[in-house]
Amino acid sequence: MVSLAEDVAIVAFEQTPSHAHFNDSEPAMIMPCVNSVIKQVGMDRHDIDFTIAGSCDYLSGMPFAFVMNIDAVGAWPPVYESHVEMDGAWALFEGFVRLQSGDIDTVLVSGSGKCSPGSYREGFSLQTDPYVHAPIGLDPRTQAGFQAQALIAAGKATERDFAEVVSRSHANAKNNPNAQLSGDLSVEELLAEPYVQQPLRRLDCPPTSDGAAAMIIARADKARELCDNPVWIRAIDHRIDSHHPTLRDLTDSPSVRIAADRVGLHDGPVDIAELTVTYSPEEIILRDALGLNGDTSVNPSGGPLTGSPFMAVGLTRVIELARAIRNGDGGRGVAHASSGPALQQNLLCVLEGDS
């Protein structure tokens, strides 16, 4: 069991739909989420003790582009604010750690990204090793193709296994109003599609999505004051594997295994797992690394294969899990976020319902 200095709960959350293209600015996309979570808890925005956002300047092509997003929060009077150049799930991690100090009660967390104006494959290749990977344009989809082929070569998966992940994800997304893609697709239909990055087909890859998400987390006493049914963050941890794909086994994820141990994942039942399966082969690796069995519902929301708002997709996994727990679909679960190509960095967050 993980020991915490302060118990922390999610008291409000909101997300946008996954837009194929959002026609307004990024602050305009974030603002409805921020306004919603503040309204849910009945607070004035200036009563929030700390604000932390996750986004990516590479997507807009401008340095310090995240500063403009503060307009969505309200920058006057000045706010106590921080930023991570990561998915909003890592902003949640910083906010959670900040609450452990015990001197503040509430944190507003957000994550956002607009991929539609440019090519995310070109943008994210610039974030790789500047001496070895970036000059050759080694992008996330190419590395996902390497990972998929490694699984096949090792006898750990087949293309049919990938198609089964896609088929189930799209079927699950039919019940998710925020999904960008959904529907009934047979495995045979999916296997008949042409390759886009052999052995990956189009729907083995995520759609290009614009989107945002926000939540408010609070220390225990404040959480019960603000919310009748808080969802408790029992543990959170993240680990990093080598950024050089040739220096690690792409068919496994040691960082996920370590994080699972650190959060005490198997100290209790895992009813639901919301996993950042950006490419279908990743689910096979994550299931194995997490030790999940048939008792765990994986990505009942459809997951990132049906809507992937970059820089918000990990935070959205936490929100989808919190919503499912609040709705009574499970009592305990794990949300997973990933950053970097081929599951290079991984974050796990264990949530439980109120008791």
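The values are calculated or read from the model by the stated rules, or taken from the named source; none is laboratory data. All values reported here derive from a predicted model rather than from experimental measurement. Note: ideal-geometry Cβ built from the backbone for every residue, glycine included; neighbour counts use all protein chains shown. Note: areas computed on protein heavy atoms with side chains; ligands, DNA, RNA excluded. Shrake-Rupley method; radii C 1.70, N 1.55, O 1.52, S 1.80 Å.
Computed extension length for E85-E6: 25.8 nm, one decimal, from 0.36 nm per residue of separation with the Cα-Cα distance subtracted.
Charging the Cβ of each Asp and Glu at -1 and of each Lys and Arg at +1, and nothing else, the dipole of the range 171-328 about its Cα centre rounds to 500 debye.
Summarising the label geometry, the points placed 7 Å from Cα in the beta-carbon direction at R121 and A20 lie 1.8 nm from one another. Only helices enter this figure: runs of n ≥ 4 DSSP H residues, each worth -39500 (n - 2.57), summed and divided by the residues of the chain, yield -9500 deg cm²/dmol at 222 nm to the nearest 500.
For the range 99-245, give me the percentage of DSSP beta bridges that are antiparallel, rounded to the nearest 5 percent.
Roughly 100 percent of the beta bridges in the range 99-245 run antiparallel, per DSSP.
Roll a 1.4 Å probe over the protein chains and send me the accessible area per residue for the range 222-283 in Å².
Roughly 41 Å² per residue, with all protein chains present.
Maximal additional length on extending the I240-Q198 stretch stands at 12.5 nm, based on 0.36 nm per residue less the C-alpha distance. Accessible surface for Y195 stands near 100 Å², nearest 10, in the context of the full protein assembly shown (1.4 Å probe). In a simple Cβ point-charge model (Lys, Arg +1; Asp, Glu -1; nothing else charged), the chain has a dipole of about 340 debye relative to its Cα centre. Taking Cα atoms only, the orientation of helix 159-172 departs from the longest principal axis of the chain by about 30 degrees. Taking label points 7 Å from Cα along the Cα-to-Cβ direction, D354 and D295 give a separation of 2.7 nm. Which of the listed residues, A235, I258, V270, is farthest toward the dipole's positive end in the range 230-270, when Lys, Arg count +1 and Asp, Glu count -1 at the beta-carbon? Highest projection toward the positive end goes to A235.
For the range 217-269 and the range 1-48, write down the distance between their C-alpha centroids in whole Å. A separation of 20 Å, based on Cα centres.
Hey, what angle do you get for helix 26-41 against the long axis of the chain, alpha-carbon based, 0 to 90 degrees rounded to 10? That works out to roughly 50 degrees.
Counting alpha carbon pairs within less than 8 Å and at least 6 residues apart, what relative contact order, in whole percent, applies to the range 272-337?
Computed value for the range 272-337: 48 percent relative contact order.
Axis of helix 313-326 versus longest Cα principal axis of the chain: the two differ by about 70°, to the nearest ten degrees. Roughly speaking, to the nearest percent, how much of the range 120-204's 1.4 Å accessible area is carbon and sulfur? Of all accessible area on the range 120-204, carbon and sulfur atoms account for 52 percent.
Considering only DSSP beta bridges with both partners in the chain, what is the antiparallel share in %, to the nearest 5?
Numbers: 38 of 53 bridges.
Looking only at bridges with both residues in the chain, the antiparallel portion is about 70 percent.
Computed log10 I(q)/I(0) for the chain at 0.09, 0.12, 0.13 Å⁻¹: -0.45, -0.82, -0.97, from the Debye equation with unit scatterers placed on every C-alpha and solvent omitted.
What's the extension gain from A153 to Q40 if we count 0.36 nm per residue and subtract their Cα-Cα distance? Intermediate results must be reported in sequence, preceding the final value.
Working: separation 113, 0.36 × 113 = 40.68 nm, distance 5.00 nm.
Gain on extension, A153 to Q40, equals 35.7 nm.
A Förster radius of 45 Å, combined with the Cβ-Cβ distance separating E189 from D71, puts the computed FRET efficiency at roughly 0.50.
Residue order by solvent-accessible surface for E26, E283 is E26, E283, largest first, with ligands and nucleic acids left out and a 1.4 Å probe. Distance between the C-alpha centres of the range 331-355 and the range 111-170: 20 Å, rounded to the whole angstrom.
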